[in-house]
Amino acid sequence: MRQFLIGLIPALMLALPAQASEVTTYSLDNGMDVVEIEDHRAPVVVHMVWYRVGSADEPPGRSGIAHFLEHLMFKATDELASGEFSETVALNGGSDNAFTSYDYTGYFQRIAADRLELVMRMEASRMDGLALVPEDIATERDVVIEERNLRTENDAGALFNEQMRAALYLNHRYGVPIIGWKHEAHSLTLEDAEAFYKAHYGPNNAILVVAGDVQPEDVLALAETYYGVIPPNPAIQPRERTQEPPQIAERRLNYADPRIGNDYVVRTYLAPERDAGNQETAAALTILAELLGGSPTTSVFARKLQFEEQKAVYTGAWYSGQNLDDTSFGMAIVPVSGMSLDEAEAALDQALAEFLEEGVDADELDRIKMQIRAGQIYALDNVSSMANRYGAALTSGLTVEDVQAWPGILDAITAEDVLVAAAMVFDRRMSVTGHVRQTEEVSQ
């Protein structure tokens with residue numbers, strides 16, 4: 001019986017729907033989209049407002065303004081004193097925060113379900129009522145600069161990653177760090193923040209996502225009451241972004257920093273993102289990354305380079321397709337002691353070439369699909385994860401239908417699909433290879 005149950009578990013997981021909760025969508029008359037996700041297992045609600053604007057939408061010379069404005073959104077509004085928003089959430093037993101990405105900016109609260117109206121009223125007050133004053137600017141600008149110092153300037157790997165992205169994107173704003181270049185962060189002004197706020201914030205550029213112990217009709221009524229009365233912002237325009245020109249030359253970086261723990265090689269390729277109604281290539285790349293470097297023990301790179309040939313102490317591969325524009329596919333190797341980075345790069349290339357020649361192992365493909373499916377099902381246990389899944393997708397150009405179709409698309413990917421996607425992406429002319437060392441390379 002025990003063996004029977006163990007064998008039954010994978011079949012049951014495949015039969016489980018990846019979208020277990022009821023999802024209801026609306027559009028308010030002012031252009032605001034509303035997504036409601038029911039989950040009545042606990043009397044908790046996650047309330048999120050996502051804006052279709054991120055650091056890739058910033059004007060040249062003002063890098064970091066999207067993230068800077070995110071900080072300033074916790075200051076005063078026409079109805080709230082500076083800091084009152086977060087203090088009120090905390091006094092009611094909840095938590096709140098915000099985040100900025102290349103494609104979106106989001107604000108969220110997790111709180112008891114019967115406090116939903118409270119946080120919705122406060123969030124609505126800063127959608128069109130932010131009241132900035134000059135003294136807020138200098139203080140919060142220093143906070144952002146210190147954040148950059150902590151997360152980037154004091155982290156050799158983070159500094160290298162900035163250089164890699166800047167080299168991968170020849171023209172697109174994805175090559176500019178979300179937190180901004182330090183020299184530009186020092187010059188951000190009150191006028192910059194107000195201009196960015198007026199150009200991008202408003203109900204017609206926002207998505208409300210509410211997940212948890214709520215009813216659709218109640219969420220819609222509250223949304224109409226607090227967000228529906230805000231007029232659309234006429235300054236908001238369709239996104240216009242610089243696009244990548246044809247990439248016709250491989251780029252290489254040599255980076256040295258004594259704070260580096262181990263020397264390593266990284267390569268990133270420009271790669272297609274998930275597109276609305278056309279997610280198959282992204283699904284194949286998602287599985288390809290798992291096949292090559294998703295597991296520290298069973299992936300292609302780990303098996304060949306760490307265990308069979310013992311040339312590496314770590315290998316990895318990754319892909320994140322949820323971007324509005326072209327994204328990247330990456331791989332890395334940390335060689336064993338005594339191996340040069342040139343040798344490590346050659347070993348990585350050889351392992352990749354062998355994989356492309358040998359093809360995809362059918363059992364490994366099935367195992368990875370099961371792991372991905374299991375992860376999606378487990379994510380349904382967390383209302384924040386569910387809310388994030390929809391908010392991030394919708395602000396990255398996808399639809400609710402795309403989110404719900406994604407698990408089935410992943411399940412349908414074949415070995416041939418994976419190899420076709422690999423052939424599309426692994427073009428060295430569209431790549432950056434970085435050698436990272438503790439010390440400068442000595443010229444021969």
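Summary of values
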quantity	calculated
Selection count, the stretch 82-115, where residues are open to solvent by less than 60 Å² (accessible area, probe 1.4 Å), aliphatic (A, V, I, L, M) and outside any strand (DSSP E or B)	2
Residue match in the stretch 279-289 (condition: in a loop (DSSP other than H, G, I, E, B), out of contact with any strand residue (DSSP E or B) (no Cβ under 6 Å at 6 or more places or on another chain) and among the charged types (D, E, K, R))	no
Of all residues making up the stretch 179-216, the number that are hydrophobic (A, V, I, L, M, F, W, C) and free of Cβ contacts under 8 Å to residues at least 24 places away in the same chain	1
Filter pass, E343 being at pLDDT 95 or above, open to solvent by 50 Å² or more (accessible area, probe 1.4 Å) and within 20 Å of the chain's Cα centre (by Cα)	no
Odd one out for V383, checked against (1) closer than 30 Å to N205 by Cβ; (2) in contact with a Leu (Cβ under 8 Å, 6 or more places away or on another chain)	(2)
Counted residues, the stretch 316-361 - those being of a type in the set (F, W, Y) and closer than 30 Å to T439 by Cβ	2
Subset of the stretch 274-304 that is open to solvent by 10 Å² or more (accessible area, probe 1.4 Å) and among the β-branched types (V, I, T) - its residue that is nearest to A392 (Cα to Cα)	T286
Filter pass, A412 being hydrophobic (A, V, I, L, M, F, W, C), at pLDDT below 95, over 30 Å from R251 (Cα atoms) and out of contact with any Cys (no Cβ under 7 Å at 6 or more places or on another chain)	no
Candidates V34, V89, filtered to the one that is over 18 Å from the mean Cα position of the chain (by Cα), hydrophobic (A, V, I, L, M, F, W, C), farther than 30 Å from R173 by Cα and at pLDDT 95 or above	V89
Residue under evaluation G277, criteria (1) closer than 22 Å to N388 by Cα; (2) in contact with a Gly (Cβ under 9 Å, 6 or more places away or on another chain); (3) small (G, A, S), criterion not met	(2)
Residue satisfying condition, being under 16 Å from V266 (Cβ atoms), within 24 Å of the chain's Cα centre (by Cα) and of a type outside the set (D, E), within set G316, G321	G316
Residue check, T242 open to solvent by 20 Å² or more (accessible area, probe 1.4 Å), in contact with a Lys or Arg (Cβ under 9 Å, 6 or more places away or on another chain) and modelled with pLDDT under 95	yes
Set R126, R121: member being open to solvent by 50 Å² or more (accessible area, probe 1.4 Å), modelled with pLDDT of 95 or more, touching a Phe, Trp or Tyr at 6+ places or on another chain (Cβ under 9 Å) and on the phi < 0 side of the Ramachandran plot	R121
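The values are calculated or read from the model by the stated rules, or taken from the named source; none is laboratory data. Remember, predicted model here, so these are calculated numbers, not experimental data. In this analysis, Cβ positions are derived from the backbone assuming ideal geometry, glycine residues included, and neighbour counts consider all displayed protein chains. Only protein heavy atoms, including side chains, enter the accessible area calculation; ligands, DNA and RNA are left aside. Shrake-Rupley method; radii C 1.70, N 1.55, O 1.52, S 1.80 Å.
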